[in-house]
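Reviewing the structure listed below.
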Number of protein chains: 2
Amino acid sequence: MEEPEGRARVIIEGVKPEIDSGRFPIKRVIGEKVVVEADIFADGHDTLSALLLHRKEGDSKWVETPMEFLVNDCWRGSFVVTEIVHYLYTITAWVDRFKSWRKNLAKRVEAGQEDMSVDFLVGAQLISEANQRAAKSENQIMQDWVKTLQSAELAQQDKVQLALSEEVTLIMDRYSDRQFAVTYPRELMVSVDRDRARFSTWYEMFPRSCAREPGRHGTFEDCEARLPYVAQMGFDVLYFPPIHPIGHTNRKGKNGVVAAGPDDPGTPWAIGAEEGGHKAIDPQLGTLDDFRRLVNKAKEYGIEIALDIAFHCSPDHPYTKEHPEWFLWQPGGTIQYAENPPKKYQDIYPFNFESANWRELWGELKSVILFWIEQGVRIFRVDNPHTKPFRFWEWFINDIKKAYPDVILLSEAFTRPKVMYQLAKLGFTQSYTYFAWRNTRWELTQYLTELTQTDLLEYFRPNFWPNTPDILTEYLQSGGQPAFMARLVLAATLSSSYGIYGPAFELFQNVPREHGSEEYLNSEKYEIKHWDINRSDSLKDFIARVNRIRRENPAFHSNLNLCFHATDNEELICYSKHTEDLSNIVLVVVNLNPNYIHSGWVNIPLEPWGLGTQQPYQVHDLLSDARYLWHGSRNYVELNPNICPAHIFRVYRRIRTERDFDYYM
Amino acid sequence: MEEPEGRARVIIEGVKPEIDSGRFPIKRVIGEKVVVEADIFADGHDTLSALLLHRKEGDSKWVETPMEFLVNDCWRGSFVVTEIVHYLYTITAWVDRFKSWRKNLAKRVEAGQEDMSVDFLVGAQLISEANQRAAKSENQIMQDWVKTLQSAELAQQDKVQLALSEEVTLIMDRYSDRQFAVTYPRELMVSVDRDRARFSTWYEMFPRSCAREPGRHGTFEDCEARLPYVAQMGFDVLYFPPIHPIGHTNRKGKNGVVAAGPDDPGTPWAIGAEEGGHKAIDPQLGTLDDFRRLVNKAKEYGIEIALDIAFHCSPDHPYTKEHPEWFLWQPGGTIQYAENPPKKYQDIYPFNFESANWRELWGELKSVILFWIEQGVRIFRVDNPHTKPFRFWEWFINDIKKAYPDVILLSEAFTRPKVMYQLAKLGFTQSYTYFAWRNTRWELTQYLTELTQTDLLEYFRPNFWPNTPDILTEYLQSGGQPAFMARLVLAATLSSSYGIYGPAFELFQNVPREHGSEEYLNSEKYEIKHWDINRSDSLKDFIARVNRIRRENPAFHSNLNLCFHATDNEELICYSKHTEDLSNIVLVVVNLNPNYIHSGWVNIPLEPWGLGTQQPYQVHDLLSDARYLWHGSRNYVELNPNICPAHIFRVYRRIRTERDFDYYM
């Protein structure tokens, strides 16, 4: 061990946030705050000073922010990230001899100590030493202070007044003796994204099912015509399953049967055919120009088109011929198709990431996403990232974001939790979650507590989907329209990002392929649909309302400050979110039982909202527009799922009283 | 970023135990196990292999132990430390292609897949590759296996049988392809101590109060005569306050008053006078030879003498003249005495660790402990370590333990929790705690849960003291003899190390200097006492019994497996400890109210002890020798504090039944 500087007495530990000893960055969006806490202490009773240091990656100079002592040796500081770059932060702290001296002097004064002459001489010495480090402009005044403290004539109370003055404090802080300062050994990183990384509202749709007339293959032009519909519902991301040519060999038929009929279109995830692979467009959808026009048109509606990144091939993909070395070959000379024994996926060839030519493979895959970025796409949903190596993703995402920091990648990893969390650590912007399978109050509370009350909040950004083309849950299958409404409200208000697969969702499609399956009967994955989006019972207006509420209430724009509140009925879940300044407080109550009316008492957290125990306050149901005057911590709710299974209240802390009249008092 | 090996697919994270990213070692005693857990996973569905690696510091070769998969990507392995040295450990893991192949083959067989000819060829290829890495002696048999799997004639079931055989498994594990293995980037450390570091029973005594006749200053010879008394009570560490010459300047008188009378002996912590400093002995106690004889005599009783290391000086200490540069000088030419304004300690000069000569100071302080180590002392209680720099202690302890790994240091830091824990991280073997002030069931449960269910278990070894010369708690002041008995049982059974300050404890001295003070009236710190250790109401026999129970029941020798159990009476605390193999289970119930009889129902954890819900079991009260037949999880207890406020049960899981007779059945 190198001999340490024995006089550096401060310990800095327990720094938060810090992910895996600083191995991974935390995530923020532009304008967000980074609050850093740490345990900072030294031996003995001296007073410390601590600074939070931060800088943009590449900058050489740290910006210093004073940290504040909280309690139990814990200190806190914060800074705001203002650019879409990486930031670094760390902490420096030292024993502050002048602050210690000043604190002791104040104690002596308070205890009425009579002779403090030696103390004033010690203080004079400290100021004199600081003067050596000070700017020339301060030299004179500091020298005057030294003389004052050394003076044999001046009254003790004048010296005390000077020593404890704000002026002296300010200058002595500036020239504090940092000779033995200790700096935390790690520089921790913040990865900053644009706002939509945190707050986004997704709509998934199959372009081929968008034809304006039945019986035709949809086109990008049809998608353009669908944009007003999507925009009116309030979505800002429109995500398409793969738009590439679909393979013929081993193509799957209706309901996923092995042998496709001659007219079956196949699943869009069987990527690659004679017409091309990952950089080509299925000619039935249109041309690259059509696609670019759609992307631009969508922008006019405030919508970004998101594409699917699915890194595997159909047997007809050009790569299988051009780059046979990227696949795993079996004895006998065939390419190994995807399988999870005994299940076989003969229409999908995975890449062999253990290929000796992995570098070329990585490079080609990167060129795929760069191709679509160049067409104007910035948001991608990544298919099954958990079946490709973690190191690949880390390299891939870092490399892309260096050139295009505004890219957003949604990880579609429905797998074991630690694998999902690892992908988020490595750089995926958002992640699918287990939300679809969390139905009871206990399940939802447990899961959301894990996501928002642990380190996960720092790097795992959940995107809640009540349904997807692969997931029709039992809750939706059995609960009818109220189940769809309840799950929509839960997704939209629990998570700042959520999405639905439509029009199946708003038309509450809920028939499974067979009992016990989560596949849709006659799934859109294997056939072209024509949806009657103007059906009178569509949930589109309800969805539009929920999305407008989300947009208008900033408390819903992040998952900070999510808090669950007790109810006396297990079927009622109650939670709130609020902005840091409490200017926007929202309270949600959902009846989780789609079949029956449920009522009960909910417990409201008065104190954190600054409400007195007897003070009335108004809750305004933004769904029904009803207003209720509540008071105290327990209030009654009743929800009929056949009308609406949820309240989304905005809480107004201040209501008018007689004191608001001019002539009161 | 250096380009990674893209084919290394495994992630190893969440390694436990790991203190502050490996900055500090965990602690064990010789013979203890180190159980290591980690999250280990890769992309996809392949099977992994993981090894726990450990070695003694200085050894170049790792010892490999296979890790076992538990659940949720968590793996576990363990090793035993067998020498008093430092050990290092880390983890290596890889995607095991042969294991993956074998698992898939088994699944295919189970699913009744008909043609597996390609699979056998893949397996043959893997064995053939492993054969390149194998020892010559295995080449032939492995080649035979390859031929078997390649054979066109052999039946499929013969090939399956071979592939899944233990023999193939064993050899293929040995030559597994570790080409893309990932090793955890940190090597973590275990600091190993001798057994007494974990399990020790301390008795603190002022040698000067040990004179066989009243009115005389005690000597080391008197201490020798007191050894049988201490040994009979079952203590194995006998700790003395400082034994050095005591300063005269500003000496404190009776009850700590500022002006000492001519006959006042002063506090032993005012170290240093004309006769010498930290390496000298107060001549009134005897000579260095007398001391060494006492140390050896104590060993015959199984007792180690522990000394006090108090790094500060009386104004008369020779250092103040020989090394004025080690002290803080005030303007006016006086040394700064200890103070915590407005409190002043004029009889104590602290060292100035910010002295430019800190290196020499450090060296001299090390020579102090080395001096006493050379006299045969290996256990030290370190006074106020939190007022000396952390870096000093880290250097000091590492340096001493390199030469004397059997040294044990008890940290006397009664201060804020993070400071106490930091000292333990830096290397203190044991630590004083807040136990003295934890009286209620809730307080004790919270505190012990913090100490034994968090990372603290890995590095903070508590030593519980119901009293010290500085601490006479309100509970002891007000509770009479039953309070002393209850606190003794709690200290002795909750913590594997504990100690008392006697004879004040066994004679239940409980009169404070004044109301609200924790100081003893006429404290032994400032005067010589003569204790009547043979008083008939002494607790010495009770203490002897408790200490024998501790010695005879290995469950008490560590704080592993401490578990609290519910009772329906807040005044009754119930907890158990057990050895890993359940051969020793102890259950303690204490009535925390020293004034009244309390009774109630205690909840017993049947399942972890392997007991059926209706199975009777015997509990044997090792204090009263009473035996009770209990069954089920709820049982009744009643404790009269005036008889004995506690049960210490040994639990016998097996009782005799009619089936134990020869002629049964």
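Give the nm distances, rounded to one decimal, from A:GLU138 to the matching residue in every other copy, measuring between label points 7 Å along Cα toward the beta carbon; shortest first.
Those label-point separations list as 7.1 nm.
Can you tell me the accessible area per residue over segment A:574-665, all protein chains present, probe 1.4 angstrom, in square angstrom?
Counting only protein heavy atoms, the per-residue value for segment A:574-665 is 54 Å².
On average, how much accessible surface per residue is there in segment B:108-227, in Å², for a 1.4 Å probe, leaving out ligands, DNA and RNA?
About 50 Å² of surface per residue is accessible.
Segment B:279-319 to segment B:85-138: how many Å between their Cα centroids?
Between the Cα centre of segment B:279-319 and that of segment B:85-138, the gap is 65 Å.
Residues of segment B:50-81 that become at least 50 Å² less accessible with every protein chain present than in their own chain isolated, using 1.4 Å: which are they?
B:ASN72, B:ASP73
Full-extension gain between A:GLN618 and A:ARG178, please, as 0.36 nm times their residue separation minus the C-alpha to C-alpha distance.
Computed gain between A:GLN618 and A:ARG178 is 153.1 nm.
Could you check the spin-label model distance between A:ARG551 and B:SER117? Points 7 Å from the Cα along Cα→Cβ, value in nm.
The answer from the label model is 6.4 nm.
Can you tell me the accessible area per residue over segment B:44-103, all protein chains present, probe 1.4 angstrom, in square angstrom?
Counting only protein heavy atoms, the per-residue value for segment B:44-103 is 46 Å².
Using the Cα centre of segment A:229-285 as the reference point, and only Cβ charges (+1 on K/R, -1 on D/E), how large is the resulting charge dipole? Debye, rounded to the nearest 20.
So the magnitude is around 160 debye.
Rounded to the nearest 100 Å², what is the buried accessible area between B and A, both sides summed, probe 1.4 Å?
What B and A bury together is about 5600 Å².
Taking the label point 7 Å from Cα in the Cβ direction, how far apart in nm is B:SER78 from each other copy of itself, listed shortest first?
4.6
What ranking of B:VAL85, B:VAL590 comes out by heavy-atom accessible area, probe 1.4 Å, highest first?
Descending order: B:VAL85, B:VAL590.
Counting partner chain Cβ atoms within 10 Å of every residue's Cβ in A:36-48, what's the average?
Mean shielding count: 4.
Using a Förster radius of 51 Å, what is the FRET efficiency between B:TRP442 and B:ASP290 based on their Cβ-Cβ separation? Nearest 0.05, please.
Rounded to the nearest 0.05, the efficiency is 0.55.
Please give the helix B:417-426 orientation as an angle from the longest Cα principal axis of chain B, in degrees from 0 to 90, rounded to the nearest 10.
Helix B:417-426 sits at roughly 70 degrees to that axis.
Using the basic label-point model (7 angstrom from Cα toward the beta carbon), what is the B:ILE30 to A:ILE30 distance in nanometres?
According to this spin-label approximation, the distance is 6.5 nm.
Just for chain B, what percent of DSSP beta bridges are antiparallel, to the closest 5?
Around 70 percent antiparallel, to the nearest 5.
Given a 1.4 Å probe and every protein chain left where it sits, what share in percent of the accessible area of the protein assembly as shown is carbon and sulfur?
49
Mind checking the angle between helix A:288-300 and chain A's longest principal axis? C-alpha axes, 0 to 90 degrees, to the nearest 10.
50
Inter-copy label distances at A:GLU300, 7 Å along the Cα→beta-carbon direction, one decimal in nm, shortest first?
10.5
Using helices alone, what [θ] at 222 nm do you get for chain B, with -39,500 (n - 2.57) per DSSP H run of 4 or more residues, divided over all residues and rounded to the nearest 500?
When only DSSP H runs of four or more count, the value is -8500 deg cm²/dmol.
As I understand it, the value is the acute angle between the Cα axis of helix B:220-232 and the longest principal axis of the Cα atoms of chain B; what does it come to in degrees, rounded to 10?
50
Probe 1.4 Å, all protein chains in place: accessible area of A:TYR337 in Å², nearest 10?
Surface open to solvent at A:TYR337 totals about 60 Å².
Modelling each spin label as a point 7 Å along the Cα-to-Cβ direction, I'd like the B:ILE643/A:GLU187 distance in nm, to one decimal.
Going from the B:ILE643 label point to the A:GLU187 one covers 7.1 nm.
Quick check for you: which residues of segment A:37-52 have the amide N under 15 Å from the point 7 Å beyond the Cα of A:GLU68 toward its beta carbon?
The answer is A:37-38, A:50-52.
I'd like to know which of A:THR287, A:ILE335, A:ILE303 lies farthest towards the positive end of the charge dipole of segment A:263-336, counting +1 on Cβ of Lys and Arg and -1 on Cβ of Asp and Glu.
A:ILE303
Look at the axis of the rotation that sends chain B onto chain A, then give the chain B residue with the nearest Cβ and the distance in whole Å.
B:SER21, 2
Once R0 is set to 41 Å, what does the formula 1/(1 + (r/R0)^6) return for the Cβ-Cβ distance between A:ASP532 and A:SER599, expressed as a FRET efficiency to the nearest 0.05?
0.70
So for each of A:115-125, B:64-74, A:241-251 I average, over its residues, the number of other beta carbons within 10 Å; can you give me the resulting order with the highest mean first?
Answer by packing, highest mean first, reads A:241-251, A:115-125, B:64-74.
Cα centroids of segment B:424-491 and segment A:616-665: how far apart, whole angstrom?
Answer, in whole Å: 51.
Need the per-residue list for segment A:394-429: every residue with at least 40 Å² less accessible surface in the complex of protein chains than in the chain by itself, probe 1.4 Å, sorted by number.
For segment A:394-429, once contacts with the other chains are taken into account, A:ARG416, A:LYS418, A:GLN422 lose 40 Å² or more.
Would you please give the FRET efficiency between A:SER151 and A:GLU129, computed as 1/(1 + (r/R0)^6) with r the Cβ-Cβ distance and R0 = 30 Å, to the nearest 0.05?
Using R0 = 30 Å, I get an efficiency of 0.95.
Please give the charge dipole size of chain B, origin at the Cα centre, charges +1 on K and R Cβ atoms and -1 on D and E Cβ atoms. Round to the nearest 20 debye.
Taking the Cα centre of chain B as origin, the dipole is about 540 debye.
Assign unit charges at the C-beta atoms only (+1 for Lys and Arg, -1 for Asp and Glu), then state the dipole size of segment B:321-448 relative to its Cα centre in Debye, rounded to the nearest 20.
That gives a dipole near 540 debye.
On a straight-distance basis, which lysines could pair with B:LYS321 in a cross-link, Cα separation under 24 angstrom, same-chain partners fewer than 8 positions away excluded?
B:LYS252, B:LYS279, B:LYS344, B:LYS366, B:LYS388
Once Lys and Arg get +1 and Asp and Glu get -1 on their Cβ, which of B:THR82, B:TRP62, B:LEU48 lies farthest toward the positive end of the dipole of segment B:40-98?
B:THR82
Can you tell which of A:ALA225, A:PHE649, A:PRO608 lies farthest toward the positive end of the dipole of chain A, using +1 and -1 charges on the Cβ of basic and acidic side chains (Lys, Arg; Asp, Glu)?
The residue sitting most towards the positive pole is A:ALA225.
Starting from 0.36 nm per residue, how many nanometres of slack lie between B:ARG212 and B:ALA106 once their C-alpha separation is accounted for?
30.1 nm
So how far, in whole Å, is the C-alpha centre of segment A:172-233 from the one of segment B:329-384?
What the calculation gives is 60 Å, centre to centre.
The values are calculated or read from the model by the stated rules, or taken from the named source; none is laboratory data. Computed from a predicted model, the values in this text were never measured in an experiment. As a convention, Cβ positions derive from the backbone with ideal geometry for all residues, glycine included, and neighbour counts pool all protein chains shown. Keep in mind that these areas ignore ligands, DNA and RNA; they rest on the heavy atoms of the full protein, side chains included. Shrake-Rupley method; radii C 1.70, N 1.55, O 1.52, S 1.80 Å.
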